[in-house]
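The values are calculated or read from the model by the stated rules, or taken from the named source; none is laboratory data. The structure presented is a predicted model; accordingly, all values stated were derived computationally and were not measured. Cβ atoms come from the backbone with ideal geometry, glycine included; neighbour counts cover every protein chain shown.
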Amino acid sequence: MMKIEAIIQPSRFESVKDALREIGIEGMTVTEVRGHGRQKGHTEVYRGREYTVDLLPKLKLEMVLPDPLVQRAVDTILKTAKTGKIGDGKIFLSRVEEAIRIRNEERGENAL
Amino acid sequence: MKHLGWKCCFLMTMVLAAVPLLAQQPPSSAATSSPPATSGTTSAASSETSKAVNDKLAQLDTRVTAAQSAGDNAWMLVSAALVLMMTGPGLALFYGGLVRRKNTLAIMMQSFLLMALISVLWALVGYSLCFGGNGPVIGGFEHAFLRGVGADPNPDYAGTIPQSTFMIYQLMFAIITPALITGATAERMKFSGTVLFLTLWFLVVYAPLAHMVWGKGGFLNASLGGKFPTLDFAGGTVVHISSGVSALVCALYLGKRTGYPKQPMPPHSLVLSFIGACLLWVGWFGFNAGSALAASALATSAFVATHFATAAAAISWSLAEWIKNGRASALGAISGAVAGLVAITPAAGFVGPMPALAIGFIAGLVCYWMVTKVKSIFGYDDALDAFGVHGAGGTIGALLTGVFAQQVINPIFGAGKPVGGMDGHWGQLGNQLVGVLIAWGFALVGTIVLLKITDMITGVRVTETEEIEGLDITQHGEEAYNLES
């Protein structure tokens, strides 16, 4: 089991979600986050006072998948979330030791 | 300002026109019922006839007066409600959106508190101090506890509406004026200090100024025999200069907000401010057009001038921003509109639509410059720009009133007599300057003294810890946004 954390541009979310569903990924958790990597922020001006906003809104998708699905999911995200500009986000992969479904206490890949 | 002369003319014409109509009827009816017999009965009949005519005339007079009073009263009650709407929710939303999230309720509460507090003070002594008596500086106690304020009009101020209507209308001005000051003290003034300071400010600064400019015998009053007749149709000096200048003093006395200007303090919800500004624009029709104190052609003129000045100012501020930053912002457009509303306030009932456009356009540029440049040069923390918009806009408006006022719009100094510079009476600009200087001086001195007194009794500023935590929690024990509930 692997966990995929993908931080993407909010504008790409619908395409990414639809593409993931097409390859059979049924569950994910989405969080609105703010952050920045190499992308610089923008300036906002309120009554002549300039503020540099360097934390930009992004979406974080999290999903835990059985190993055979991981590569396809990563490819799908790469394909659909990419605009080619700085600020497209990142994907992090990590190994997950256990998964438990709260309703019936199923464990492992059955719980996904 | 509060001008009624033309209405009396209207009334007279109506009565005079009615005389011949009535005079023809009674004699013929008298002739059929009692044929002439002796000279004695004839004279009795004719005296009866003239009595009948007089009765009819009196009846007609009463009806005409009642009809006019009904129309005027309807408009003035609506206007009073519109002006109250400017404070709550208008100003409360406008300011509420401009502060940081943690101070939202505190600033809104200050506006709302004033709606209650000033109302009570007004009923007890406020109205009397502003409009009772005829001293040059302040009114008296003759209307304390609203004694003698009822259905009968007060001919000194508004001869066609119940004095109660005039009283409640003027109250709404007294509410919004101190509320404007809270824009400068925002995000750092103690609630107890705010209550005490604004109570004192209303009694010591607002009441005398309102009396000087609008009250009978006041020495700046233009229509009731003031020494320096200052034109102030709806409150450029009384409301905007007084609150704006006091706001500057408060900002200097309180000092900067913790973290200002290094730490970013962007408005937490421009959506709230936007709604607030739109409500202010609408409410201001009651403020300015209502100041005609009648549903008259002058009210229409003031309504029109108000609207055009506001539009022009929204455009000029946006334009300045567009040129300077490459973008026109929503905050800029609504701030410009408020600047235009402020500047046209003293001029509304004296100028035509074209001068109104000019006044608005100039005010938008001047206030933009005050808020974006002058503030940062001097470094005072006028948090929500109460001085930059109301102090500066009010001053510009008061001076430009002296330039653009015309007797064709409002012959306040008598029929045919020139009013402002456009009529060739440039001396009026001098009178306006005197009014402006007195309002500035009065507000400056009064506010410094009252802040000192408040500081000794309750203190004026919250502690740094309280300021960082936010006034909503520390001053009121609640939060504007409970996101997890």
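Can you find, within region A:19-34, the residue that is farthest from the other protein chains (Cβ to nearest Cβ) among those that are surrounded by 11 or more Cβ atoms within 10 Å (Cβ to Cβ) and touching a residue at least 40 places away in the same chain (Cβ under 8 Å)?
A:I23
Given the criteria among the hydrophobic types (A, V, I, L, M, F, W, C), under 14 Å from B:V436 (Cβ atoms), within 17 Å of the chain's Cα centre (by Cα) and buried (at least 22 other Cβ atoms within 10 Å of the Cβ), does B:V389 qualify?
No.
I'd like the full set of residues that are within 14 Å of chain A (Cβ to nearest Cβ) and out of contact with any Gly (no Cβ under 7 Å at 6 or more places or on another chain), limited to region B:269-283.
Passing the criteria: B:F274, B:A277.
Can you list the helices (runs of 4 or more DSSP H) lying wholly within region B:300-381 that have 2 or more residues being crowded, with 22+ Cβ neighbours inside 10 Å?
B:330-344, B:353-369
Looking at A:V70 and the list (1) outside any helix (DSSP H, G or I); (2) surrounded by 12 or more Cβ atoms within 10 Å (Cβ to Cβ), which single condition is not satisfied?
Only one criterion is unmet by A:V70, namely (1).
Which of the following residues is free of Cβ contacts under 8 Å to residues at least 60 places away in the same chain and among the small types (G, A, S): B:G255, B:G290, B:G259, B:G236?
B:G259
Limited to region A:35-64, what total is found for residues that are away from chain B (no Cβ under 14 Å), touching a strand residue (DSSP E or B) at 6+ places or on another chain (Cβ under 8 Å) and either of a type in the set (K, R) or surrounded by 12 or more Cβ atoms within 10 Å (Cβ to Cβ) (or both)?
Within region A:35-64, residues that are away from chain B (no Cβ under 14 Å), touching a strand residue (DSSP E or B) at 6+ places or on another chain (Cβ under 8 Å) and either of a type in the set (K, R) or surrounded by 12 or more Cβ atoms within 10 Å (Cβ to Cβ) (or both) number 12.
To keep it simple, each residue is scored yes or no on (1) within 14 Å of chain A (Cβ to nearest Cβ); (2) assigned to a loop (DSSP other than H, G, I, E, B); (3) over 22 Å from the mean Cα position of the chain (by Cα).
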site	(1), (2), (3)
B:E187	no, yes, yes
B:F197	no, no, no
B:F202	no, no, no
B:T237	no, no, no
B:Q263	yes, yes, yes
B:F285	no, no, no
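Determine the pairs where a residue that is assigned by TED's automatic domain parsing to the domain that holds B:F361 and over 27 Å from B:A234 (Cα atoms), located within region B:375-393, has a partner that is at pLDDT 95 or above and surrounded by fewer than 22 Cβ atoms within 10 Å (Cβ to Cβ) with Cβ atoms under 6 Å apart, the partner being 6 or more residues away or on another chain.
B:Y380/B:L252; B:D381/B:K256; B:D381/B:R257
For region B:441-485, which positions are in contact (Cβ under 8 Å) with a residue 40 or more places away in the chain and among the small types (G, A, S)?
B:A443, B:G446, B:G459, B:G470, B:A480
With B:L105, B:L124 as the choices, which residue is modelled with pLDDT of 95 or more and either within 23 Å of the chain's Cα centre (by Cα) or surrounded by fewer than 19 Cβ atoms within 10 Å (Cβ to Cβ) (or both)?
So the residue among B:L105, B:L124 that is modelled with pLDDT of 95 or more and either within 23 Å of the chain's Cα centre (by Cα) or surrounded by fewer than 19 Cβ atoms within 10 Å (Cβ to Cβ) (or both) is B:L124.
Within region A:79-89, does at least one residue satisfy the condition of being among the hydrophobic types (A, V, I, L, M, F, W, C), within 14 Å of chain B (Cβ to nearest Cβ) and surrounded by 12 or more Cβ atoms within 10 Å (Cβ to Cβ)?
Among the residues of region A:79-89, not one is among the hydrophobic types (A, V, I, L, M, F, W, C), within 14 Å of chain B (Cβ to nearest Cβ) and surrounded by 12 or more Cβ atoms within 10 Å (Cβ to Cβ), which makes the answer no.
To keep it simple, each residue is scored yes or no on (1) in the same structural domain as B:L113 (by TED's automatic domain parsing); (2) surrounded by 13 or more Cβ atoms within 10 Å (Cβ to Cβ).
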site	(1), (2)
B:A44	no, no
B:A52	no, yes
B:S69	no, yes
B:L91	yes, yes
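So which of B:F202, B:F197 ends up being touching a helix residue (DSSP H, G or I) at 6+ places or on another chain (Cβ under 6 Å), surrounded by 19 or more Cβ atoms within 10 Å (Cβ to Cβ), more than 20 Å from B:H143 (Cβ to Cβ) and modelled with pLDDT of 95 or more?
B:F197
Considering (1) modelled with pLDDT under 95; (2) crowded, with 19+ Cβ neighbours inside 10 Å, say which one B:G259 fails and leave the rest.
Result: B:G259 passes all but (2).
Output the number of the condition that B:F378 fails; it satisfies all remaining conditions of (1) over 16 Å from B:T310 (Cα atoms); (2) of a type in the set (F, W, Y); (3) at pLDDT 95 or above.
Going through (1) over 16 Å from B:T310 (Cα atoms); (2) of a type in the set (F, W, Y); (3) at pLDDT 95 or above one by one, B:F378 breaks only (3).
Determine, yes or no, whether B:A174 is touching a helix residue (DSSP H, G or I) at 6+ places or on another chain (Cβ under 8 Å), free of Cβ contacts under 8 Å to residues at least 60 places away in the same chain, buried (at least 21 other Cβ atoms within 10 Å of the Cβ) and closer than 18 Å to B:G139 by Cβ.
Yes.
Would you call B:N73 in a loop (DSSP other than H, G, I, E, B), among the polar types (S, T, N, Q), closer than 26 Å to B:S296 by Cβ and touching a residue at least 12 places away in the same chain (Cβ under 8 Å)?
No: the conditions fail for B:N73.
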